[in-house]
Amino acid sequence: STSQRVKTKQWYQRRVRGTRWGGESSRAVDGNIDGRYSAGSCTHTAHNPGKWRLYLKQNYRIFKVKIYNRKDCCQDQIDGAHVYATLIHRIGHNREVLCGKIKYEKNRDVYELSCGSNNDGVIATLIEVRFLHGRQVLTLCEVEVFGYKVPGNALRIASVNQQGTSKNYPGPAQRAVDLNIDGAFSRNSCANPTGWWKAHLTKVSKISQVIIYGRTDTCCMDRINGAKVTIQEGSKSPQLCGHVKYTPGTSQFVISCGGLSGNTIIISHHKQFVLCEVEVFDAPEK
């Protein structure tokens, strides 16, 4: 699939953290980029710090968020706003990824923020623009989101385990499901199994795909190449989904499982490998 502008009017529900001066949240996705507040196409928060959200009806792989700032007044108020892409899990736990922080520039009206590393994008159900603290009003004259639909919902992983880990560079199995896709091993968010790693679901499910997030630092990124992903239901023999094919500059690997049923996801390799996050998605009902 190729990245394209998401039709926000059709696919999103909107919510803003309070409004003033008639600046309703829907104005930021009305298709009008007019930066004059008097034109009736810009939002305006009432509470500080300001916050604005877009809720998707399903998951998207998001590559870019484009923010249109106000032109007639107070342009510097956008300075410091953070843009997040968040995957909402069924269990209510969210995996949040910072796309970027807006740094105000004089005479600049549009800000583009890339999501994910190495142009891989990031899967999200929610886009949020917010200030973290302070008494800052948030005004958005248009928000455009670029990406494509991803089938299924993120499944709950009840527990994980692995065959072993490195004595010198330990990486517990739980790190691969800590809702953090950071690929720098030094920041303690990557598992480092030897042989195999397993994720146990709460129930037997039909699996559409497994997404593996690899390392993004300067070491050993290619060790994930050749890792095998299988699905097992109870004590039955595992069924093959596929193998990871590493290419330089890629840190996310999507393994399609075609609706195979199971309650255990197994990732195995003949050598030590690193998993910085693993996400499992069910197959949507037809």
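Computed quantities for the displayed model
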quantity	calculated
Which listed residue, of 261, 256, 251, 268, is open to solvent by 60 Å² or more (accessible area, probe 1.4 Å) and in contact with a strand residue (DSSP E or B) (Cβ under 9 Å, 6 or more places away or on another chain)	256
Yes/no for residue 237 being open to solvent by 50 Å² or more (accessible area, probe 1.4 Å), among the polar types (S, T, N, Q), outside any loop (DSSP other than H, G, I, E, B) and more than 21 Å from residue 86 (Cα to Cα)	no
Any hit, the range 29-40, residues being in a helix (DSSP H, G or I), modelled with pLDDT of 85 or more and under 20 Å from residue 126 (Cβ atoms)	yes
Tally, over the range 119-177, of residues that are more than 16 Å from the chain's Cα centre (by Cα), within 17 Å of residue 86 (Cα to Cα) and not in a loop (DSSP other than H, G, I, E, B)	3
Given (1) out of contact with any strand residue (DSSP E or B) (no Cβ under 9 Å at 6 or more places or on another chain); (2) free of Cβ contacts under 8 Å to residues at least 24 places away in the same chain, index of the condition residue 98 fails	(1)
Answer residue from the range 220-234, given it is in a loop (DSSP other than H, G, I, E, B) and either among the hydrophobic types (A, V, I, L, M, F, W, C) or open to solvent by 40 Å² or more (accessible area, probe 1.4 Å) (or both) and is farthest from residue 158 (Cα to Cα) among those	220
Lone qualifier among 188, 153 - being of a type in the set (S, T, N, Q) and closer than 12 Å to residue 280 by Cα	153
Neighbours by Cβ (under 6 Å, 6+ apart or cross-chain): first from the range 190-216, modelled with pLDDT under 95; second among the basic types (Lys, Arg)	202/156
Search result, residues across the range 178-191 that are open to solvent by 10 Å² or more (accessible area, probe 1.4 Å) and either over 17 Å from the mean Cα position of the chain (by Cα) or under 14 Å from residue 223 (Cα atoms) (or both)	185, 186, 187, 188
Failed condition for residue 132, given (1) open to solvent by 20 Å² or more (accessible area, probe 1.4 Å); (2) farther than 19 Å from residue 213 by Cβ; (3) in contact (Cβ under 8 Å) with a residue 40 or more places away in the chain; (4) in contact with an Asp or Glu (Cβ under 6 Å, 6 or more places away or on another chain)	(4)
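Here is a yes/no grid of residues against (1) part of a loop (DSSP other than H, G, I, E, B); (2) of a type in the set (S, T, N, Q); (3) open to solvent by 50 Å² or more (accessible area, probe 1.4 Å):
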| site | (1), (2), (3) |
| --- | --- |
| 52 | no, no, no |
| 56 | no, no, no |
| 62 | no, no, no |
| 77 | no, yes, yes |
| 85 | no, no, no |
| 96 | no, no, yes |
| 105 | yes, no, yes |
| 113 | no, no, no |
| 117 | yes, yes, no |
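Conditions (1) touching a helix residue (DSSP H, G or I) at 6+ places or on another chain (Cβ under 7 Å); (2) closer than 27 Å to residue 101 by Cβ, marked per residue:
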{"position": "131", "(1), (2)": "no, yes"}
{"position": "145", "(1), (2)": "yes, yes"}
{"position": "154", "(1), (2)": "no, yes"}
{"position": "160", "(1), (2)": "yes, no"}
{"position": "168", "(1), (2)": "no, no"}
{"position": "206", "(1), (2)": "no, no"}
{"position": "214", "(1), (2)": "yes, yes"}
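The values are calculated or read from the model by the stated rules, or taken from the named source; none is laboratory data. Bear in mind the structure is a predicted one, so any value in this text is a computation, not a measurement. Ideal geometry is used to build each Cβ from the backbone, glycine not excepted, and the neighbour counts take in all protein chains shown. All accessible areas refer to the heavy atoms of the entire protein, side chains included, with ligands and DNA or RNA removed. Shrake-Rupley method; radii C 1.70, N 1.55, O 1.52, S 1.80 Å.
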